[in-house]
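Q: Below: one structure in structure tokens.
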Amino acid sequence: MPNNILTSPLRYPGSKSSLTDYIAAIIEENLLSGCTIYEPYAGSAVVSLEMLQRGYAQNAVLVERDPLVYAFWRAVFSCGEELCEKIKELEVTIETWDQFQRFRAIDDPAGHSILELGLAGLFYNRTNFSGIIGAGPIGGYSQSSNYRIDCRFNKARIIQQIRDLQHLKNRVSVIFSDALEFMKKYEEEIENGFSFVYIDPPYYTQGKRLYRYYYDDYDHQRLAEYILSKQFPWLLSYDDHPVIRKLYARAPLQPIYVDYSAKTSRRGNELLISNLVIPPLSLDSPKCEIEAC
Ligand SMILES: C[S@@+](CC[C@H](N)C(=O)[O-])C[C@H]1O[C@@H](n2cnc3c(N)ncnc32)[C@H](O)[C@@H]1O
């Protein structure tokens, strides 16, 4: 079992890799170490994978609505070595980008090869601008820029990351579903289990630009109504927007801002909400800041 901190093979828009220490602290503070972590908007799944790797969670349930992202995770944990072989053979070219377009048209993975879909998911994630699966290729269609389509596709590294994840395969479930439907369907199991639910829905403002599946106002409202009525331990992260603040205003919650992007000077752009005790963060930390409220 590798001791190094896992990194997800996906370069994901809105990845919460910088929040993992904080989330680990929340789990620990609330005596939830060893829980099953549910991540109903999985994306890069970096939070669940790190909680597993670092012993804060015993099991993880990853739920994702984008068929290509879902299939990638499913392939990693059900046929990881075959996926690695496919990656080795893959030609990272604009021709492959074109050929794989047929996979982007699929809305439901049922009846399709998980291996092919998962490979396509990884391919678009690592060849498109900012890892956005619905975007265009790095370097543009003409490939006339200095940055080419394969500049983020380090095969050896990706394969190593997938192999490093294999020791977790019996502890991870990957489910294709709408997040809210999933939580409602498995509510009893979540409620009665030793559970922690980390909810990172599509951003309110940028969701449509970043993800192929995103929420409108009604969806954000339905999520708020549902989650605010739940007793199981949950943590939610959002972009800080007045609409989101209003949706969660009636909850006795402590908003916390985290500048999780160490690479930029952005501050106070994220909102964390939870029905758990939020551990104090070091105000010396360059990344985190608690709002007094
Ligand atoms: C903000 S991103 C999650 C990022 C993730 N926490 C990370 O660290 O990489 C939101 C994710 O929700 C997915 N998504 C969008 N609509 C969904 C839905 N109705 N049900 C489940 N997942 C959905 C998107 O495809 C995207 O992967």
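Bear in mind these aren't lab numbers, they're just calculated from the coordinates by the rules spelled out. Keep in mind it's a predicted model, so treat the numbers as computed, not measured. Virtual Cβ from ideal backbone geometry, glycine too; neighbours counted across all protein chains shown.
Q: Largest first and in whole Å, what are the equivalent-ellipsoid semi-axes of the chain based on the Cα gyration tensor, each being the root of 5 times an eigenvalue?
A: That gives 31, 21, 19 Å for the three semi-axes.
Q: Full extension from residue 245 to residue 104: what is 0.36 nm times the residue separation minus their Cα-Cα distance, to one decimal in nm?
A: Here the answer is 47.4 nm.
Q: Please list the non-local residues whose amide H lies under 5 Å from the amide H of residue 35, H modeled 1.01 Å from N, same-chain partners needing a gap of 5 or more.
A: Hits under the 5 Å cutoff: 58.
Q: Here's another thing I want to ask about it. Using a 10 Å cut-off on Cβ atoms, rank the peptides 159-165, 13-19, 69-75, 182-188 from the highest mean neighbour count down. Intermediate values should be presented prior to the final figure.
A: Details: 159-165: 18.0, 13-19: 20.4, 69-75: 27.4, 182-188: 14.9.
Peptide ranking by packing, descending: 69-75, 13-19, 159-165, 182-188.
Q: Using only DSSP helix segments of four residues or longer, with each worth -39500 (n - 2.57), what per-residue ellipticity at 222 nm results for the chain after dividing by its residue count and rounding to 500?
A: The helix contribution divided over the chain gives -10500 deg cm²/dmol.
Q: Please give the contour-minus-distance gain from residue 147 to residue 88: 0.36 nm per residue of separation, less the Cα-Cα distance, rounded to one decimal in nm.
A: Numbers: separation 59, 0.36 × 59 = 21.24 nm, distance 2.13 nm.
Stretched out fully, the residue 147 to residue 88 stretch lengthens by 19.1 nm.
Q: Given 88/184; 86/185; 16/208; 86/208, which pairs have Cα atoms separated by over 29 Å?
A: 88/184; 86/185; 86/208
Q: Here's another thing I want to ask about it. When the chain is fully extended, how far beyond the present Cα-Cα distance does residue 157 get from residue 170, taking 0.36 nm per residue of separation?
A: On the way: separation 13, 0.36 × 13 = 4.68 nm, distance 2.28 nm.
That works out to 2.4 nm of additional length.
Q: Still on this structure, I have one more. Take peptides 143-156, 234-247 and line them up by average Cβ neighbours within 10 Å, highest first, as a rough protection proxy.
A: So the order, starting with the most tightly packed, is 234-247, 143-156.
Q: Once you list every other residue whose beta carbon is under 12 Å from the beta carbon of residue 134, what net charge do they have if Lys and Arg are +1 and Asp and Glu are -1?
A: +3
Q: I need the helices of the chain that pass two filters: whole DSSP H segments spanning 20 Å or more by Cα along the axis, and mean Kyte-Doolittle score no lower than 0.0.
A: Helices meeting the criterion: none.
Q: Taking the Cα centre as origin and putting +1 on Lys and Arg beta-carbons and -1 on Asp and Glu beta-carbons, what dipole magnitude results for the stretch 19-73, to the nearest 20 debye?
A: For the stretch 19-73, the charge dipole is close to 120 debye.
Q: Among 141, 236, 120, whose Cα projects farthest towards the positive end of the dipole of the chain, with charges put on the beta-carbon of Lys, Arg (+1) and Asp, Glu (-1)?
A: 141
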